[in-house]
Amino acid sequence: MRRSASTVVVAAALAVGGLVANPAYAISAGYTPEGVCGSGFAQVKHDGSRAVKTPSGRVFGRVYLLYNRSTGQNCVVTIKSAYVGTPTRTSAQLMVRLANGRTAEKIDHLKKYKYYAGPVKLNAKGKCVKYYGTVADTRVDGEIASGGRLTWGNCS
């Protein structure tokens, strides 16, 4: 019995050590689009998530589109999967096509974030939206990853 108890203690210590060895990943994994946008928001079922990729194909994160049926708001958040825990230029953008043909736009950009950009929220009930996100490489000459949908969609 003593041997199996010590084995469990060693296994638990190794598991905790594995989490501590990479705290940035553990913290980043705790962020969800729903958690960032807040209560009542759910990811849009069709085309509610896109990879944020560099021109060479490296994925630096994902940009998410969420909707709250109670408030009629859309929410966009970009969650990093590269350079997690390191402040990098990260953005989230939401555009709503208004009835008069104009566009309402809200952007969270030109700031350095460790884990995510956003939430960016706009009223969009009965309107079409576009969404977009970016994550920059930490190097001066590094690539910028981008992704989202730049055509009108999710018209409700």
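The values are calculated or read from the model by the stated rules, or taken from the named source; none is laboratory data. Because the structure is a prediction, the values reported are computed rather than measured. Every residue, glycine as well, gets a Cβ built from its backbone with ideal geometry; the counts of neighbours run over all protein chains shown. To get the accessible areas, we keep the full protein, side chains included, count just its heavy atoms, and leave off ligands, DNA and RNA. Shrake-Rupley method; radii C 1.70, N 1.55, O 1.52, S 1.80 Å.
Out of the residues in region 137-156 meeting the condition of being at pLDDT below 95 and open to solvent by less than 60 Å² (accessible area, probe 1.4 Å), tell me which one is farthest from Asp47 (Cα to Cα). For region 137-156, the residue satisfying everything is Gly142. Residues in region 113-129 that are assigned to a strand (DSSP E or B) and open to solvent by less than 40 Å² (accessible area, probe 1.4 Å): 5 in all. Exactly one residue out of Thr71, Thr78 is at pLDDT 90 or above, open to solvent by 60 Å² or more (accessible area, probe 1.4 Å) and either within 20 Å of Gly40 (Cα to Cα) or under 12 Å from the mean Cα position of the chain (by Cα) (or both), and it is Thr71. Count of region 97-137 residues, restricted to those that are in contact with an Asp or Glu (Cβ under 7 Å, 6 or more places away or on another chain) and either among the hydroxyl-bearing types (Ser, Thr, Tyr) or under 15 Å from Val76 (Cβ atoms) (or both), is 3.
Mind listing just one residue for me: the one in region 50-68 that is in contact with a Cys (Cβ under 8 Å, 6 or more places away or on another chain) and farther than 17 Å from Leu150 by Cα and, of those, most open to solvent (accessible area, probe 1.4 Å)? Once the filter is applied, the top-ranked residue is Tyr67.
A quick yes/no check of all residues on (1) modelled with pLDDT of 95 or more; (2) hydrophobic (A, V, I, L, M, F, W, C):
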{"site": "Ser4", "(1), (2)": "no, no"}
{"site": "Val9", "(1), (2)": "no, yes"}
{"site": "Ala13", "(1), (2)": "no, yes"}
{"site": "Val20", "(1), (2)": "no, yes"}
{"site": "Tyr31", "(1), (2)": "no, no"}
{"site": "Cys37", "(1), (2)": "yes, yes"}
{"site": "Asp47", "(1), (2)": "no, no"}
{"site": "Lys53", "(1), (2)": "yes, no"}
{"site": "Val84", "(1), (2)": "no, yes"}
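The requirement of being within 30 Å of Arg139 (Cα to Cα), more than 11 Å from the chain's Cα centre (by Cα) and modelled with pLDDT under 95 is fulfilled nowhere in region 59-67; no residue meets it. Applying the set (1) part of a loop (DSSP other than H, G, I, E, B); (2) under 19 Å from the mean Cα position of the chain (by Cα) to Asn100 leaves exactly one unmet item: (2). When region 71-97 is filtered for residues that are touching a helix residue (DSSP H, G or I) at 6+ places or on another chain (Cβ under 7 Å) and outside any strand (DSSP E or B), the ones remaining, listed by number, are Val84, Gly85.
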